[in-house]
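Below: the structure, in structure tokens.
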Amino acid sequence: MAKKAKTPVAVVMGSASDWPVVKHAVDTLEQFSIACDVRVMSAHRTPDEAAEFSKTAEREGIKVIIASAGMAAHLAGVLAAHTILPVIGVPMKGGAMDGLDALLSTVQMPSGVPVATVALGRAGANNAALLAVQILALGDASLRRRLKRHKENMKKAVQQANQSIQDERSA
């Protein structure tokens with residue numbers, strides 16, 4: 001496999017079928033001009049590759065890992081077990097329990113092996129990317145300013161939506 005360019009964030013999914021949701025994390029990172037390395041690897045079908053990736057991620061310049069997996073496949077936990085980098089788990093909907101098993105397997109980590117866990121699906125993918133941005137912004141004033149601008153834009157959008165409804169109701 002060819003070496004990837006150094007990027008601060010790795011986005012890893014347990015299956016290519018996760019891509020339509022995980023793509024939202026990549027899009028959010030791109031909004032902040034943050035490059036990411038995107039890969040498919042499995043905690044159970046390619047465990048050696050997953051462990052090796054996680055062990056070498058820091059040396060490759062990665063600062064945050066976002067890992068998505070469905071059912072009880074515990075990709076985020078496997079990656080977290082092999083690195084000191086922050087790992088953000090995105091549980092995926094689907095399977096017999098419609099994502100509950102993925103949520104529980106991601107959030108219920110043993111003491112000493114943390115995985116930050118976000119919501120299921122698209123909201124989780126977006127929030128995982130934003131959490132990665134927040135982590136990176138701790139050491140980057142320019143990124144902090146862009147993150148503050150993003151939060152201000154979200155506030156303005158809600159205020160505009162409220163005003164539109166108020167205008168409609170008073171008309």
Which of these, A67, A35, A132, has the largest mean-square fluctuation under a Gaussian network model of the chain (Cα springs below 10 Å)? A35
Residue among L147, L85, L75 with the largest mean-square fluctuation in a Gaussian network model of the chain, springs linking Cα atoms under 10 Å: L147
What is the range 1-140 by shape, rounded, prolate or oblate, if you read a ≥ b ≥ c off the alpha carbon gyration tensor as root eigenvalues and call it rounded for a/c under 1.5, prolate for a/b larger than b/c, and oblate otherwise? rounded
Between E152 and K6, what length comes free when the chain is fully extended (0.36 nm per residue of separation minus the Cα-Cα distance, one decimal in nm)? 49.5 nm
What pairs in K23/K156; K55/K93; K6/K156; K55/K148; K55/K156; K6/K151 have C-alpha atoms more than 31 Å from each other? K6/K156; K55/K148; K55/K156
The simple spin-label model distance between I165 and E30, using points 7 Å out along Cα→Cβ, in nm, is 3.2
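Throughout, read-outs are computed from the coordinates displayed, never taken from laboratory work. Bear in mind that the values here come from a model prediction, so they are computed numbers and not experimental data. In this analysis, Cβ positions are derived from the backbone assuming ideal geometry, glycine residues included, and neighbour counts consider all displayed protein chains.
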